[in-house]
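Visitor: Once you've had a glance at the structure underneath, I'll fire off some questions.
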Amino acid sequence: MKFVGAHVSASGGVENAPLNAMAIGAKAFALFTKNQRQWIAKPLEASSIDAFHKNMELSGILPKHVLPHDSYLINLGHPEVDKLEKSREAFIDEIERCRVLGLDKLNFHPGSHLAKIAKKEPHYDDLLMEAELQCLDVIAESMNRAIEATKDSSVKLVIENTAGQGSNLGYRFEQLGYLIERIEDKSRVGICLDTCHMFTSGYDIRTKEAYEETMDAFGRIVGFKYLGGMHINDSKPKLGSKVDRHDSLGKGEIGWDAFGFIMNDPRMDDIPLILETIDESIWAEEIKALYALVK
């Protein structure tokens, strides 16, 4: 019941992503449906869409085990009106691209408030909390607008937890829960948990006791019914560092035990478990190693 894969290349056309997933023995995959470093992309051509569907059938991978990621340029909480609107328009386009490919999820980073608050500033914590809450409200409004603009679509907006680097939000389970509470159509929202981000934002998963404590907190604050996928990564930085740097499995600060807990946790059944580790040449080996952890 575990579906492990990686974020594979769609270079040359989205239709190549299922083939690239097949090549590493994946049962799931992630992809960008457009260049993630550009705002504008021409609509997907009918020939690419048809080829994507055919290659999906060839791969045996189901659409529900595919976790597309949106452009890194999009910031649904941007404090500047023109840049916020540009992000919202681009986000709606990303949802539409998923829909025409027959995919039912879009993974995205919630957004950043971009406020520069010096730690020596009086009432720093209060100022930071105010900036974060204001930004979370803008992100929720952006999501509600996107859902309304695509109400004939079933694509679920899957919020990825972050490491909390810089002014990025979504690094606490409470922030994820806050967003979900404010989404009007909760059938259109989900969560992707990134193990590296979770660890560097302060949630330990290295021992069975720590793992259960962290997952119990997620279940209580957010709810496993919203878990739509995971990114399976080790971490170069230490626990609570708030630095986003992935590592190959077993080679970072998390270690192998945590991934065994995930592979034997029924709460992670039937969702895409996606490698974003740093050495794609060993993805096939990492996929096999994860399945070998199943007891």
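Visitor: Taking the stretch 8-34 as the search range and keeping residues that are of a type outside the set (Gly, Ala, Ser) and outside any loop (DSSP other than H, G, I, E, B), which one is surrounded by the most Cβ atoms within 10 Å (Cβ to Cβ)?
Guide: Restricting to residues being of a type outside the set (Gly, Ala, Ser) and outside any loop (DSSP other than H, G, I, E, B), the top hit is 29.
Visitor: Let me ask something additional. I'd like the residue in the stretch 103-150 that is of a type in the set (Lys, Arg) and at pLDDT 95 or above and, out of all such residues, is nearest to residue 44 (Cα to Cα).
Guide: 105
Visitor: Then there's this: Within the set of pairs 6+ apart or on separate chains, which have a first residue in the stretch 25-41 that is among the small types (Gly, Ala, Ser), a second that is crowded, with 19+ Cβ neighbours inside 10 Å and in a loop (DSSP other than H, G, I, E, B), and C-beta atoms under 8 Å apart?
Guide: Within 8 Å, the pairs are 26/8; 26/61; 28/61; 28/67; 30/8; 30/67; 30/68; 41/34.
Visitor: Of the conditions (1) within 18 Å of the chain's Cα centre (by Cα); (2) within 18 Å of residue 76 (Cα to Cα), residue 130 fails just one. Which one is it?
Guide: For residue 130, the failing item is (1).
Visitor: If we scan the stretch 167-177, do we find a residue that is over 17 Å from the mean Cα position of the chain (by Cα), farther than 26 Å from residue 216 by Cα, assigned to a loop (DSSP other than H, G, I, E, B) and modelled with pLDDT under 95?
Guide: no
Visitor: Something else now. I'd like the full set of residues that are crowded, with 16+ Cβ neighbours inside 10 Å and part of a loop (DSSP other than H, G, I, E, B), limited to the stretch 92-116.
Guide: Residues satisfying the conditions are 101, 103, 104, 109, 110, 111, 113, 114.
Visitor: If I filter the stretch 193-212 for residues that are under 18 Å from residue 138 (Cβ atoms), buried (at least 21 other Cβ atoms within 10 Å of the Cβ) and touching a strand residue (DSSP E or B) at 6+ places or on another chain (Cβ under 9 Å), do I get at least one hit?
Guide: Within the stretch 193-212, not a single residue is under 18 Å from residue 138 (Cβ atoms), buried (at least 21 other Cβ atoms within 10 Å of the Cβ) and touching a strand residue (DSSP E or B) at 6+ places or on another chain (Cβ under 9 Å).
Visitor: Now for a different question. Which condition number in (1) out of contact with any strand residue (DSSP E or B) (no Cβ under 8 Å at 6 or more places or on another chain); (2) surrounded by 22 or more Cβ atoms within 10 Å (Cβ to Cβ) is the one that residue 46 fails?
Guide: For residue 46, the exception is condition (2).
Visitor: It is to be established whether one or more residues within the stretch 279-289 are closer than 20 Å to residue 203 by Cβ and surrounded by fewer than 16 Cβ atoms within 10 Å (Cβ to Cβ).
Guide: no
Visitor: Being of a type outside the set (D, E, K, R) and touching a Ser or Thr at 6+ places or on another chain (Cβ under 8 Å) is the requirement here; does residue 110 meet it?
Guide: Answer is yes for this residue.
Visitor: Scan the stretch 144-166 residue by residue and report those that are within 18 Å of residue 91 (Cα to Cα) and in a loop (DSSP other than H, G, I, E, B).
Guide: Listed by number, the residues that qualify are 150, 151, 152, 153, 154, 155, 161.
The values are calculated or read from the model by the stated rules, or taken from the named source; none is laboratory data. Remember, predicted model here, so these are calculated numbers, not experimental data. Ideal geometry is used to build each Cβ from the backbone, glycine not excepted, and the neighbour counts take in all protein chains shown.
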